[in-house]
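All remarks here apply to the structure that follows.
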Amino acid sequence: MAVPEPEQQVTDAASASRWGGLFRTKSVEQSLRDTDEPDARLRRNLNAWDLTIFGVAVVIGAGIFTLTARTAGNVAGPSVSLAFVFAAIACGLTALCYAEFASTVPVAGSAYTFSYATFGEFAAWIIGWDLILEFALAASTVAKGWSQYLGEVMEMLAEAMHRQSPSPIVHFGSVAFDWGAALLIVVLTVLLVIGTKVSSRVSAVAVAIKLAVIAVVVVVGLTYFKPSNLQPFIPPSQPSDTGGGVHQSLFSWLTGAGDSAFGWYGLLAAASLVFFAFIGFDVVATTAEETENPQRNVPRGILGSLVIVTVLYVAVSLVLTGMVPYTDLAGEDATLATAFEHHGVTWAQNVISVGALAGLTTVVMVLFLGQTRVLFAMSRDGLLPRSLAQTGRFDTPTRITVIVGVVCALLAGFVEFGTLEEMVNIGTLFAFVLVSIGVLVLRRTRPDLPRGFRVPLVPVLPILAVLACLWLMLNLSVETWLRFVIWMAVGLALYFAYSVRHSVLRTGER
């Protein structure tokens, strides 16, 4: 196969004419040159430690305090720890693909930029629009969760001071406004405008707090640990009714098999659930353009953070299911504190609330960061207004950061999300699939590119990553799939109405 010239835009004229240029690709060399535009240049000041902190910051959130208990009590029993291992393997396979791409194309935008270099503009727009959904909904939803824990902490402090606790939610007639969630978004907007290095330092403090809380939970929990509570490790299968119609999983709808809890099917279903506790590690790849020596540091940050959070999840799940029988964790209200309350350790609720508050702060910050970097990359390519890609005094995309901050503050302040949270999951998995396939494509089309990190056992590992992600997507509800299709239809309308005519690759403007 002929290797394209380094300066070539890697596009086929006949195809561009026939399809309107939908599949024109942006060369890796052009992507790298764009990072030197004077008015759209990001400052490179992050190292591997900063990226590892970002990864741990965004992945370790309230899920470790709530999702673990509910999944153990309702779906998998003590084998929830094994479910975390299965989910970590799926994430690890995808993380290897992200690491290779980020070390090859160290440019802001993550999966969007990678798709532009491999599948072309149309696919890049699709994945960019998908990431907008993922990050915006996730940041706003998690901000509301942060506000709930803020209310618990304020109530705890008010009781200690014998005063009435204020509520993070105020009502204006029939309209409820969550000022706690909106305030968090405003503060993080200021921090991200000032710079990612400052944001990294704030994340480091918050990460230290939540890791200390997790350490206390594990150490104290071990004093109540009984090996007999781990038996049977994989409980016998039981029928489970999670609803029919659009509320059932796509897999159940396609096969008519129905759902079951516990047993091996319950274990696999649990892996699909706890997988979403890992969502966010891919955000590390969006900071590649702001990283010193990205070929080395980005893979270290992605893989290092994934190893750390996997160890923490497995440790907490083992301690939790060893403290009490898994049947005591059944129900939708079960949390990590439930196991401590069972033993009369009531102070654990306050400690866990503080840990969750610190944990969710960093989750929102890094998701917010990922959203701005994807929009920055899309604007620089002309798929969104190019004026948004200008950087400000601190070499950060100030305009985009402020706009995203306003939108997310309004969403977090006024909107109740409910089942929309699952759309974050399907968007993430869709991005994972494209990145994993993209590694195979770029290996074949551009074998000459220098790669700071290479996925081993190609094509086996990328193919396994794709299959793992597709399986997890099948376990999402039909309702989520329908909403995802509608969101993508809106994105297609916007692409053909604006982006296709203003694309830098089409207009030739730089």
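Okay, here's what the table says:
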item: Complete set of residues in the stretch 448-503 that are assigned to a helix (DSSP H, G or I), among the polar types (S, T, N, Q) and farther than 22 Å from Leu429 by Cα; result: Ser499
item: Flag for Asp282 being surrounded by 23 or more Cβ atoms within 10 Å (Cβ to Cβ), within 27 Å of the chain's Cα centre (by Cα) and either charged (D, E, K, R) or farther than 17 Å from Ser200 by Cα (or both); result: yes
item: Among residues of the stretch 319-341, those that are on the phi < 0 side of the Ramachandran plot and either of a type in the set (Gly, Ala, Ser) or surrounded by fewer than 21 Cβ atoms within 10 Å (Cβ to Cβ) (or both), counted; result: 11
item: Number of the condition not met by Tyr224 [criteria: (1) assigned to a helix (DSSP H, G or I); (2) modelled with pLDDT of 75 or more]; result: (1)
item: Any hit, the stretch 272-279, residues being farther than 24 Å from Ile234 by Cβ and surrounded by fewer than 24 Cβ atoms within 10 Å (Cβ to Cβ); result: yes
item: Considering residues of the stretch 121-171 that are surrounded by fewer than 18 Cβ atoms within 10 Å (Cβ to Cβ) and hydroxyl-bearing (Ser, Thr, Tyr) only, the residue nearest to His502 (Cα to Cα); result: Ser167
item: Only listed residue being among the polar types (S, T, N, Q) and over 21 Å from Thr372 (Cα atoms), chosen from Thr52, Thr104; result: Thr104
item: Options Thr66, Thr35: the member that is over 14 Å from Ala285 (Cα atoms), β-branched (Val, Ile, Thr), modelled with pLDDT under 80 and touching an Asp or Glu at 6+ places or on another chain (Cβ under 6 Å); result: Thr35
item: From the options Val424, Val439, Val460, Val466, residue that is of a type outside the set (Lys, Arg), free of Cβ contacts under 8 Å to residues at least 12 places away in the same chain and closer than 25 Å to Leu303 by Cα; result: Val460
item: Flag for Thr327 being modelled with pLDDT of 85 or more, among the polar types (S, T, N, Q) and part of a helix (DSSP H, G or I); result: yes
item: Residues satisfying the stated conditions in the stretch 65-118, i.e. touching a Phe, Trp or Tyr at 6+ places or on another chain (Cβ under 6 Å), over 30 Å from Ile352 (Cα atoms) and among the polar types (S, T, N, Q); result: Thr94, Ser103
item: Out of Val345, Val319, Val314, Val298, sole residue that is out of contact with any Leu (no Cβ under 9 Å at 6 or more places or on another chain), modelled with pLDDT of 75 or more and of a type in the set (Val, Ile, Thr); result: Val345
item: Filter result for the condition that a residue is farther than 16 Å from Gly370 by Cα and under 18 Å from the mean Cα position of the chain (by Cα), over Leu82, Leu96; result: Leu96
item: So Val75, is it under 27 Å from Lys144 (Cβ atoms), part of a helix (DSSP H, G or I), at pLDDT 75 or above and of a type outside the set (Asp, Glu); result: yes
item: Residues being outside any loop (DSSP other than H, G, I, E, B), over 20 Å from Gly355 (Cα atoms), modelled with pLDDT under 85 and among the small types (Gly, Ala, Ser) - total across the stretch 134-190; result: 1
item: Residues within the stretch 337-392 that are within 20 Å of Ala497 (Cβ to Cβ), more than 24 Å from the chain's Cα centre (by Cα) and of a type outside the set (S, T, N, Q), tallied; result: 3
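The values are calculated or read from the model by the stated rules, or taken from the named source; none is laboratory data. Keep in mind the model is a prediction, meaning the values are calculated, not measured. Cβ coordinates were reconstructed from backbone atoms using ideal geometry, including for glycine residues, and neighbour counts include every protein chain displayed.
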